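Encoded as structure tokens, the structure appears first; notes follow it.
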Amino acid sequence: MAVRADAGQGAGAIVAEDPTAIRNVVLVGPSGSGKTTLVEALLAAAGVIPRAGTVGDGSTICDHDPAAVRQQRSVALSVAPLRHQNIKINLVDTPGYGDFVGEVRAGLRAADAALFVVSAAEGADGGIDAATITLWEECAAVGMPRAVVVARCDHQRAELEAEIDGCQTAFGAGVLPLYLPMRAGGHLSGLYGLLSRTVGGKPVDDAPEEAEEARNELIEGIIAESEDESLMERYLEGEEIDTATLITDLEKAVSRGSFHPVVPVCASSGTGLPELLELIVGGFPSPVEHPLPPVTGVDGAKHPPLSADPAGPLAAEVVRTSADAYVGRVSLVRVFSGTLRPERTVHVSGHGWTPGNGNGGSTGPAAGDAPGSTGGADHSHDGDERLAHVYSPLGASLREVSSCVAGDICALTKLGSAETGDTVSASDHPLLLAPWDLPQPLLPVAVIARTRGDEDALIKTLARLVASDPTLHLERNQETHQTVLWCMGEAHADVVLSRLRAGGAEVDTEPVRVAMRQTLAKPGRATGRHVKQSGGHGQFAVVHVEVEPLPRGSGFEFVSKVVGGSVPTQYIPSVEKGVRAQMERGLTDGCPMVDIRFTLVDGKAHSVDSSDAAFQTAGAIALREAAAACGAVQLEPVDTVTVRIPDEHLGAVLGDLSSRRGRVLGTDVDDSVTGAGVASGRTVVRAEVPAAELLRYAVDLRAMTSGTSAFTRQFARYDPAPEHVRG
Ligand SMILES: Nc1nc2c(ncn2[C@@H]2O[C@H](COP(=O)(O)OP(=O)(O)OP(=O)(O)O)[C@@H](O)[C@H]2O)c(=O)[nH]1
Ligand SMILES: [Mg+2]
């Protein structure tokens, strides 16, 4: 028995005993295409739930997060298993909205095959956006098996034939329908199987007109992909190839990722659901056939590749972390190798990701350059933890199981240090799985605790959120004194804020401030005089200085031209120290000074009253006096921005960059996917843009290009700020 229903505490939980009896399927596609509703319909059809809930009233298994209910769309990946023909199918629902692409990446990692769900309600193109096409291409690059589901077929605008054509145009080679829609009274009544020439296993006399032509096309497609080369010859000689052979070859081609069936479904009537389940069980690969991520020892030492073997070394990966009010931290885990059992000690290793690292997006200079920004929590951890129970997840509900074999997905609770992306392995055989690619969050949101009492809750909840969501970066800016959350977009920010509030922290947002700098407007001279000699031990230090602004990026230069000991040698470093401290503090508004040469030319000392402290103060005063005499110039950070966009948006993007005071450095063909110099229909624009103008660029660029663009940013330098942006 490969799959069984667990009795006892985990009543109803579906348990796979063998990886070959598992299919992990991720549902991806544009927001609103019907993924969550489809999962619900499949669960109801398989008897996992008594009836399907709806996204509209927030009663689905997958959209259980309060933010998902409020936003009426999925905001996180969710796992729901069902059993069909003695196979455990783990459906991994993902959000289609662009902000949550991190969840899609995790879902792809957890699964062995992908269902691209497009909507018949969107007209002939199924609402297939550029992001979905890019995802398709990425899956193609790694040979991920894929099929296309045309959902929402009950919609009155549904034009299924045009829709199927639209999918072929959008996704390209290898996309072919296995079924044609049958209609009764204008509604989808069933699917005509092109290979079997049946509807629901029964022959019909009213086959769709175009069925034979489509059948031939399908057969030729299958034969072209067949590993049996004699098949093509036999077919061309007129031999009727038997259906069983064709189905076997078709399933092999689907499993290899070279053939992509299109299946229309209607969640409300259930049409297409049995066909879809059959495709998943028969055509999609089991975890045994899916390549596993590379693995090393925790110190990076070489390790032989893993296989989906329940008896192999334990290697599992946290694909999602969430918090449950009752059980605390819940880690959703895909087991790649070995078997997870309750009440064992396991090893949990992180990747040492530090949020903010490599993130070009910083209010000030990029991380590394920025004295003001710190990465936030330290994510490097590596240690043993005790497992309590192992659960089978069904959306938010957890059912206890006695084990979870290689290839399956389960939930673990109370793994205190486990974060999304971490590897869980055996404590006596610790391993580290190579991390997956994650997008950079580029929308800064500054948060502030409403009261002092909320501060503790804010800090604690933030640490937890950052650990669970690798697309959320935390920056504590020491210069602007702001806590900045870097989010993927406004919908992501909304989820983050609602989770912060649910964690007990009353938080408000405030405008994000950009860390400015100052320099001197022109060269000049000044005197720093610190003399206090009325009673007791006095203080005496006088310095005469020359100052001048330096080119951008020069930093600070201190020169001494003192002759004849007018400032005693031991106090010259004191002057420098005082000047440096004043530069860091800034003049009045805490804005540090940069790019200045400070030359000490002369001064006076007193044999008793002069001291290190007195000369530090005199140096600081000299700088303040110099700034008062020469005037100060506000400098703002400027970033180098790289934007990748479809050519048709080039004009709009360039116009918008110039309205952001941007300076375009150049435009080029974006050949990052097509290869050097190969036209791609996309352009890459490089520009320099003041950071203050980029605060909402993530949102605005997406709106301007309908989500088809991407950008990165990297601190370049400071430039004089125009009057209206000066703080
Ligand atoms: N009539 C009808 N409505 C559907 C069907 N499938 C989905 N819908 C509706 O379409 C809307 C979007 O469906 P969802 O299931 O939330 O779509 P999704 O793909 O999960 O969207 P995201 O979570 O944002 O990616 C909801 O209002 C559903 O009720 C269907 O087969 N028939
Ligand atoms: Mg959804």
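The values are calculated or read from the model by the stated rules, or taken from the named source; none is laboratory data. Everything numeric here is computed off the predicted structure, so don't read it as measured data. Ideal geometry is used to build each Cβ from the backbone, glycine not excepted, and the neighbour counts take in all protein chains shown.
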Kindly check whether there is at least one residue in region 233-243 that is within 18 Å of P261 (Cα to Cα) and surrounded by fewer than 17 Cβ atoms within 10 Å (Cβ to Cβ). yes
Take region 655-675 and flag every residue that is modelled with pLDDT under 90 and either within 18 Å of E693 (Cβ to Cβ) or not in a loop (DSSP other than H, G, I, E, B) (or both). V669
The strands (runs of 3 or more DSSP E) lying entirely within region 471-567 that contain at least 2 residues which are farther than 28 Å from R702 by Cβ and among the small types (G, A, S) are 524-532
Of all residues making up region 581-620, the number that are of a type in the set (S, T, N, Q), within 14 Å of A632 (Cβ to Cβ) and surrounded by fewer than 17 Cβ atoms within 10 Å (Cβ to Cβ): 1
Those residues of region 458-486 that are buried (at least 22 other Cβ atoms within 10 Å of the Cβ), at pLDDT below 90 and of a type in the set (D, E, K, R) come to a total of 1
Return the only residue of E251, E239, E220 being assigned to a helix (DSSP H, G or I), over 30 Å from A267 (Cα atoms) and charged (D, E, K, R). E220
Out of the residues in region 54-76 meeting the condition of being near ligand 2 (Cβ under 10 Å from one of its atoms) and charged (D, E, K, R), tell me which one is nearest to T321 (Cα to Cα). D63
Which of the numbered conditions does L277 fail, given that it passes all the others? Conditions: (1) surrounded by 16 or more Cβ atoms within 10 Å (Cβ to Cβ); (2) in a loop (DSSP other than H, G, I, E, B); (3) over 27 Å from the mean Cα position of the chain (by Cα); (4) at pLDDT 95 or above. (2)
Only one of these is more than 14 Å from ligand 2 (Cβ to nearest atom), small (G, A, S) and not in a helix (DSSP H, G or I): A173, A131, A121. Name it. A173
Here are some conditions: (1) surrounded by fewer than 16 Cβ atoms within 10 Å (Cβ to Cβ); (2) modelled with pLDDT of 95 or more; (3) out of contact with any helix residue (DSSP H, G or I) (no Cβ under 7 Å at 6 or more places or on another chain); (4) more than 25 Å from E723 (Cβ to Cβ). A652 meets all but one. Which one does it not meet? (3)
Would it be correct to say that V149 is of a type outside the set (G, A, S), in contact with a Leu (Cβ under 8 Å, 6 or more places away or on another chain) and either assigned by TED's automatic domain parsing to the domain that holds A120 or within 16 Å of ligand 2 (Cβ to nearest atom) (or both)? yes
Quick one: would you say V149 is surrounded by 15 or more Cβ atoms within 10 Å (Cβ to Cβ) and within 16 Å of ligand 1 (Cβ to nearest atom)? yes
Please find, among G190, G127, G186, G166, the residue that is surrounded by fewer than 19 Cβ atoms within 10 Å (Cβ to Cβ) and either of a type in the set (G, A, S) or not assigned by TED's automatic domain parsing to the domain that holds S269 (or both). G186
So S78, is it without any contact (Cβ under 8 Å) to a residue 60 or more places away in the chain, among the polar types (S, T, N, Q) and buried (at least 24 other Cβ atoms within 10 Å of the Cβ): no
Report whether or not V567 is over 30 Å from T134 (Cβ atoms) and buried (at least 23 other Cβ atoms within 10 Å of the Cβ). yes
Only one residue in V39, V15 is surrounded by 18 or more Cβ atoms within 10 Å (Cβ to Cβ) and more than 11 Å from ligand 2 (Cβ to nearest atom), so which one is that? V15
Please work out if G143 is in contact (Cβ under 8 Å) with a residue 12 or more places away in the chain, within 16 Å of ligand 1 (Cβ to nearest atom) and assigned to a loop (DSSP other than H, G, I, E, B). no
E217 being within 28 Å of I133 (Cβ to Cβ) and surrounded by 13 or more Cβ atoms within 10 Å (Cβ to Cβ): yes
